[in-house]
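Here is the structure we will look at.
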Amino acid sequence: MNYDDALDQALRRLHDEGRYRTFIDIERRKGQYPSAVWTRADGTEKDIVVWCGNDYLGMGQNPVVLDAMHEALDATGAGSGGTRNISGTTVYHKRLERELADLHGKEAALVFSSAYIANDATLSTLRKLFPGLIIYSDELNHASMIEGIKRFDGAKRIFRHNDLAHLRELLQADDPAAPKLIAFESIYSMDGDVGPIAEICDLADEFGALTYLDEVHAVGMYGPRGGGVAERDGLMHRIDIINGTLGKAFGVFGGYIAASARMCDAIRSYAPGFIFTTSLPPAVAAGAAASIAFLKTAEGQKLRNAQQLHARILKMRLRGVGLPIDDRGTHIVPVHVGNPIHCKALSDMLLDDFGIYVQPINFPTVPRGTERLRFTPSPVHDSKQIDHLVQAMDVLWSRCALNRAVAVA
């Protein structure tokens, strides 16, 4: 085989389909987010506004977080020096796990290097803990959940998205005595819709199943202390394992699960993705703990309120100029384009002509034909930036006649 030719063909397919991904070089400036600087290929710079970041509340720039990280860095140095089992557990990691357990009303929490790894490692390990376990997974679960379930050495059932009748049908078809786990999300990040948490918990109770809830796009964002949609709806006590991230609303890096002390101990003891991975740098753990603690307060609620207000305003304004907004009542603002080439072209023009950075979302992140731009307004986007974005989208949508290429449901 000519390996270089094979690689060229694989990359050419992506280019031909209009879904080759390009990364732009940006530099976030301390204290100025969502403003940033884009360094072009020719080395010139352009001021831009980031409209697709996952730092939903701007906590990556919050002085409380930065001060905690500086303090830990000065006290301990850069890295942790090992895995959690071998010299990599510090007072900062333990403090972070206590904050997380308290946030979700659980006995314990376990920190991983990312929420992706937390999902993958936990879900793939469960068969070792529960022989004969069957996992029931929503078809739109995140790639990290899908990968963990694929590697899970046991029976798997996929139910149609948020389809309780289909889930019930699958549960009824299996051995009542078999251990079971239902894996789903609170907020599905590409459409912004919400999983029926209470109803799934009801089914879990009826069929004796464990519940596994991914709250990655909800932690920090919902609930009186930022515990997620399950906290907002008074349902955290009904969830057996909660997965979350430290890299979105909390503005730092890492992932975790929160569960019973016994469950966390078992995952800690059996999951290779935890056992053999160097732990988070202490400064990162310190910043994450400070962010979580801050967002539990009234000041954190002010940020959540401002973010929700800006999301509602942006949806209303974009819809007002005729753009196809799918409003599911959450902070996600997707504009459906429906064509990967058009989606990339619109993204490029927003960046080049208006200094607005929003990454095109194409297959396999979303199904073919549902390509979109996904905007993530934050409390630190101001009214002028919202005005500029709406005006730019109005101009470009008309200029490119993209509305004729979009099938609006």
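Where does the charge balance sit around Leu170 when Lys and Arg score +1, Asp and Glu -1, over other residues with C-beta under 11 Å from its C-beta?
Details: positive: Lys156, Arg157, Arg160, Arg168, Lys180; negative: Asp163, Glu169, Asp174.
Residues close to Leu170 contribute a combined charge of +2.
Enumerate the helices in the chain for which the Kyte-Doolittle hydropathy averages -1.0 or more and the C-alpha atoms extend at least 18 Å along the helix's axis, using complete DSSP H runs. Show your work: numbers first, answer last.
Values: long enough: 3-17 (22 Å, -1.30); 63-76 (19 Å, 0.52); 91-104 (20 Å, -0.98); 115-129 (21 Å, 0.16); 282-295 (20 Å, 1.79); 298-320 (33 Å, -0.88); 340-354 (20 Å, 0.33); 383-399 (24 Å, -0.23).
Those that pass (Cα extent of 18 Å or more, hydropathy at least -1.0) are 63-76, 91-104, 115-129, 282-295, 298-320, 340-354, 383-399.
Viscosity 1.002 mPa s, temperature 20 °C: what is the translational diffusion coefficient of segment 115-214 from Stokes-Einstein with a Kirkwood Rh over Cα pairs, rounded to a whole number of µm²/s? Present the calculation step by step, with values, prior to reporting the outcome.
Values: Rh = 13.4 Å.
The estimated diffusion coefficient comes to 160 µm²/s.
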Need the C-alpha centroid separation for segment 337-351 versus segment 165-185, integer Å. 40 Å
Return the single residue from His15, His342, His310 with maximal mean-square fluctuation; model: Gaussian network over the chain, springs between Cα atoms under 10 Å. His15
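Write down Rg/Rh for segment 170-261, rounded to two decimals, with Rg from the C-alpha atoms and Rh from the Kirkwood relation over Cα pairs.
On the way: Rg = 13.7 Å, Rh = 13.7 Å.
Over the Cα atoms of segment 170-261, Rg/Rh equals 1.00.
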Taking the alpha-carbon centre of each part, the distance from segment 189-232 to segment 25-78 in Å is 30 Å
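May I ask which of Lys30/Lys315; Lys180/Lys296; Lys30/Lys302; Lys106/Lys180; Lys94/Lys248 have a Cα-Cα span longer than 30 Å here? Each step should come with its number before you reach the end.
Numbers: Lys30/Lys315 28 Å; Lys180/Lys296 33 Å; Lys30/Lys302 21 Å; Lys106/Lys180 21 Å; Lys94/Lys248 21 Å.
Violating the 30 Å Cα-Cα cut-off are Lys180/Lys296.
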Kirkwood-based Rg over Rh for segment 61-193 (C-alpha set), two decimals? 1.07
Ordering of 25-34, 217-226 by packing [mean C-beta count within 10 Å, highest first]: 217-226, 25-34
Can you give the alpha-carbon Rg of the chain over 2.2 N^0.38 Å, where N counts its residues? 1.01
Any idea how far the Cα center of segment 258-326 sits from the one of segment 80-126, in Å? 14 Å
Anchor Lys46: aspartates and glutamates whose Cα lies under 18 Å away (excluding residues fewer than 8 positions away in-chain): Asp25, Glu27, Asp348, Asp352, Asp353
Can you compute the modelled spin-label distance between Leu7 and Asp394, with each label point 7 Å from Cα toward Cβ, in nm? 4.8 nm
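What whole-number volume per residue, in cubic angstrom, does the convex hull of the C-alpha atoms of segment 271-401 give? Intermediate values should be presented prior to the final figure.
On the way: hull volume 22.4 nm³, N = 131.
Here the figure is 171 Å³ per residue.
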Please give the FRET efficiency for Asp16 paired with Tyr270, using the beta carbon to beta carbon distance and R0 = 60 Å, rounded to the nearest 0.05. 0.85
Suppose the chain between Ala78 and Phe23 were pulled fully straight at 0.36 nm per residue; how much longer would it get relative to their current alpha carbon spacing? 17.1 nm
Using a 1.4 Å probe and counting only protein heavy atoms, arrange Ile356, Ile24 so the residue with the most accessible area comes first. Ile24, Ile356
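The values are calculated or read from the model by the stated rules, or taken from the named source; none is laboratory data. Keep in mind that this is a model prediction, so the values were computed, not measured. Glycine gets a Cβ as well: all are built from the backbone with ideal geometry, and neighbour counts include every protein chain shown. Accessible surface is based on the protein model in full, side chains and every heavy atom, while ligands, DNA and RNA are left aside. Shrake-Rupley method; radii C 1.70, N 1.55, O 1.52, S 1.80 Å.
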